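Peer 1: Structure provided below as structure tokens; questions to follow.
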Amino acid sequence: MSSHHLAAAFDGYGASAVPQLRRLALPAPQRGEIVVRVQAAAVNPIDVRRRGGYGRKLFGLLGAARLPLVLGNDYAGMVTAVGAGVPGLRVGDAVFGAKPPSSAGTHAQYVVVRAEHAVLRPRGVPAPLLAALPYNYLTVRRALADAGIERASAHGRAVLVHGAGGGLGLLALQILNAWGAHVTATCGAAAIDSCRRAGALHALDYRRLPLAGLPRRFAATLNFADWEDEAALLALLAPGALGHATTVHPMLGNVDRLGLLRGALATLRQRRQWRARVPAGARYAWTVFRPDHAALAQLADEAVSYAALASITPYDLSDAAQAFQHVEQRRPGRAVLLPPA
Ligand SMILES: NC(=O)c1ccc[n+]([C@@H]2O[C@H](COP(=O)([O-])OP(=O)(O)OC[C@H]3O[C@@H](n4cnc5c(N)ncnc54)[C@H](OP(=O)(O)O)[C@@H]3O)[C@@H](O)[C@H]2O)c1
């Protein structure tokens, strides 16, 4: 294996910054790490926002904002090297997974990941479809738990998924449907059919039917769409509701704007104010993606069914700029990068 590899890298931050194909050094795996030859890696909305500097202050403290910046959390590929202290994986294993935010992400020929951020790939799911699942799935599982929704508590309960036509939403619909929840989806007109296929009982075009027109009868609400809609969603929770979780909260923006300490304090204060609006006993959460080995293993078991409904658009790694444009313009289907072998 070469000590250098090709990566789609940003040399600076900016809303219109373009990733360049760069030859970068590839570090050897440390204890507990593996090296994966990336066969496919998704471009998620967070990548597009991070290139513009979103989250830079907090990610900087975590060492994840260095230039050249290689973005990308999730991947499917083959293990090419194994560090010490990795019992379960060997060179040649086909794996997939998601790593935490870093500046040495998965939009590259090779990526170094901690072994617990990888699991063996299920048979029968092509790498490009598999690579588009982990980041979204792990976030959705966390959002469901944050909102107090579990397999046991979901059965027969009315749940509203706002922004259901995207990567997070379509997975949430499938999980909730499998758990027996009665799901209402709000989405753009083009996604109505996909939401129904993913298990929504009702799929509503958010541009035609405002949230305020819905009855206040939901046991849980999930906001994957727009922070501006937070108040309207909380107003739809019924007495005795389980809770609400949002992935579109202002936490990273607060830190970018105010710095770590004042940003963290503003976040705590804001969250407390919003929590006061949910019915007594209900949870209120700002969900943050975090790798989770147990949930990843669960995804490996369930991936075949999610892949059947997934829609992706593949791009060569050298066309990463177009893939970023695809996500930025919110074109249908997740953009997935395919690095050269
Ligand atoms: N906090 C975290 O750790 C975390 C993790 C993952 C994702 N996220 C964020 O969560 C959001 C969803 O992620 P995603 O991957 O699902 O994004 P996505 O694939 O772009 O999907 C977002 C969906 O929301 C829809 N939408 C936009 N505004 C809406 C509105 N007012 N009402 C109803 N639907 C609306 C869009 O439909 P149209 O295109 O038709 O408008 C789109 O289908 C993104 O903002 C992402 O950055 C946060």
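Any read-out appearing in this document is the output of simple, stated calculations on the displayed coordinates, not a laboratory observation. All of these numbers come straight from a predicted model, not from anything done at the bench. When we count neighbours, we look across all protein chains shown, and the Cβ atoms used for this are built from the backbone with ideal geometry, even at glycine.
Peer 1: Can you list the residues, at least 5 places off or on another chain, whose amide H is less than 5 Å from the amide H of residue 158, using H built in the peptide plane?
Peer 2: Answer set, sorted by chain and number: 182, 219.
Peer 1: Residue-wise, which Karplus ³J(HN,Hα) couplings in Hz belong to the range 282-294, taking 6.51 cos²θ - 1.76 cosθ + 1.60, θ = phi - 60°, and x for glycine or proline?
Peer 2: 7, 8, 9, 9, 9, 7, 10, 4, 8, x, 8, 5, 5
Peer 1: Tally the DSSP beta bridges in the chain and give the antiparallel ones as a percent, rounded to 5.
Peer 2: Of those bridges, close to 55 percent are antiparallel.
Peer 1: Spin-label point model (7 Å from Cα, Cβ direction): what's the residue 94 to residue 238 distance in nm?
Peer 2: Label at residue 94, label at residue 238, 4.5 nm between them.
Peer 1: Per the Kirkwood formula on distinct C-alpha pairs, the Rh of the range 136-286 is how many angstrom?
Peer 2: 15.3 Å
Peer 1: Quick one: Kirkwood hydrodynamic radius for the chain, alpha-carbon pairs, angstrom, one decimal?
Peer 2: 20.5 Å
Peer 1: For residue 31 and residue 209, calculate 0.36 nm times their separation in residues minus their Cα-Cα distance, and state this gained length in nm to one decimal.
Peer 2: 58.8 nm
Peer 1: Further question on the same structure: Using a 7 Å offset from Cα along Cα-Cβ at residue 264, what residues in the range 54-91 end up with backbone N under 16 Å from the label point?
Peer 2: Residues 57-63 fall inside that zone.
Peer 1: Then there is this: For residue 226 and residue 276, what does the FRET efficiency come to when R0 = 22 Å and r is the distance between their Cβ atoms, rounded to the nearest 0.05?
Peer 2: With R0 = 22 Å, the Cβ-Cβ based efficiency is 0.55.
Peer 1: Okay, next question. Show me 272-281, 224-233 ranked by packing, highest mean number of other Cβ atoms within 10 Å first.
Peer 2: 224-233, 272-281
Peer 1: To continue, here is another question. Rounded, prolate or oblate: which fits the range 1-102 when a ≥ b ≥ c are the square roots of the eigenvalues of the alpha-carbon gyration tensor, with rounded for a/c under 1.5 and prolate only if a/b beats b/c?
Peer 2: prolate
Peer 1: What residues have an amide H closer than 5 Å to that of residue 93, excluding those fewer than 5 places away on the same chain, when H is modeled at 1.01 Å from N in the peptide plane?
Peer 2: 79
Peer 1: Residues of the range 21-51 with amide nitrogen under 19 Å from the 7 Å Cα-to-Cβ point of residue 316?
Peer 2: 21-24, 38-43
Peer 1: May I pose another question? For the chain, what's the relative contact order in percent, using C-alpha pairs closer than 8 Å and at least 6 residues apart?
Peer 2: About 20 percent, as a whole number.
Peer 1: Let me ask something else. Non-local amide H neighbours of residue 103 (under 5 Å, H modeled in plane, Pro and chain starts lacking H): which ones?
Peer 2: 66
Peer 1: Using 5 Å bins from zero, what percent of all Cα-Cα pairs in the range 18-173 falls into each bin?
Peer 2: Bins of 5 Å from zero give 2, 9, 16, 18, 19, 15, 11, 6, 3, 1, 0 percent of pairs.
Peer 1: For the chain, what is the mean residue ellipticity at 222 nm derived from helices alone (per DSSP H run of n ≥ 4: -39500 (n - 2.57); sum divided by total residues; nearest 500 deg cm²/dmol)?
Peer 2: -9000 deg cm²/dmol
Peer 1: Just to confirm the number: angle between the C-alpha axis of helix 260-275 and the first principal axis of the chain, 0 to 90 degrees, nearest 10?
Peer 2: The angle comes out at about 30 degrees.
Peer 1: Pulled fully out, how much extra length does the chain show between residue 123 and residue 196, if you take 0.36 nm times their separation in residues and subtract their Cα-Cα distance?
Peer 2: Stretched fully, the residue 123-residue 196 segment lengthens by 23.6 nm.
Peer 1: In nm, to one decimal, how far is the modelled label at residue 217 from the one at residue 151, with both set 7 Å along Cα→Cβ?
Peer 2: Each label point is offset 7 Å from its Cα along the Cβ direction, giving 2.8 nm.
Peer 1: Using only the Cα atoms of the range 292-341, construct the convex hull and provide its projected area averaged over every direction, in square nanometres to one decimal.
Peer 2: About 4.7 nm², averaged over all directions.
Peer 1: What three numbers, in Å, describe the spread of the alpha carbons of the range 99-192 along their principal axes, ordered from the longest?
Peer 2: 44, 32, 29
Peer 1: List, largest first, the extents of the alpha carbons of the range 212-341 along their principal axes, each in whole Å.
Peer 2: 54, 39, 34
Peer 1: Separate question: With a point put 7 Å past each Cα toward its Cβ, work out how far residue 2 is from residue 17 in nm, to one decimal.
Peer 2: 2.4 nm
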